[in-house]
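Working notes for the structure below.
Just so you know, all these numbers are worked out from the coordinates, no wet-lab data involved. Being a predicted model, the structure only gives us computed values, none of them experimental. When we count neighbours, we look across all protein chains shown, and the Cβ atoms used for this are built from the backbone with ideal geometry, even at glycine.
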Amino acid sequence: MRNSTTLIGLFFVFCVFTSNAQQSGKSTPTEPTTTTTLAPEKAEEIQNKIARIDAHLQAIETKKAFVLSSEAETQRANDSGWFDSMEEIKEQLMTKKTKLINYLNSFDDE
């Protein structure tokens, strides 16, 4: 019981940290105006953001599998609205990932 509580606590800390890091580094990509190429450093930065989003999504799925493996944890997660919260976070992450990928792809088309 103590280990599962610790794992849940660590997961929430991870989610909060990742969410805060994404919010603080939030910058909306703008469409290129005069330049038709993307600087390699900028492309790498965007790819790193996508990788962090993928890692966060994977962490959510791992935690979800853990919660579903225990009836007590599943009940606790349902009671607290955890599953709904994680779905909302996943949707936000997927939206952000899609925007980043579209931004990268906009340079490939030119």
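Summed over the stretch 67-106, residues that are in contact (Cβ under 8 Å) with a residue 12 or more places away in the chain and either surrounded by 15 or more Cβ atoms within 10 Å (Cβ to Cβ) or aliphatic (A, V, I, L, M) (or both) total 14.
Looking only at the stretch 52-66, how many residues end up being within 30 Å of Phe107 (Cβ to Cβ) and surrounded by 11 or more Cβ atoms within 10 Å (Cβ to Cβ)? Residues flagged as within 30 Å of Phe107 (Cβ to Cβ) and surrounded by 11 or more Cβ atoms within 10 Å (Cβ to Cβ) within the stretch 52-66 amount to 8. Within the stretch 63-97, being of a type in the set (Val, Ile, Thr) and under 13 Å from the mean Cα position of the chain (by Cα) holds for Ile89, Thr95.
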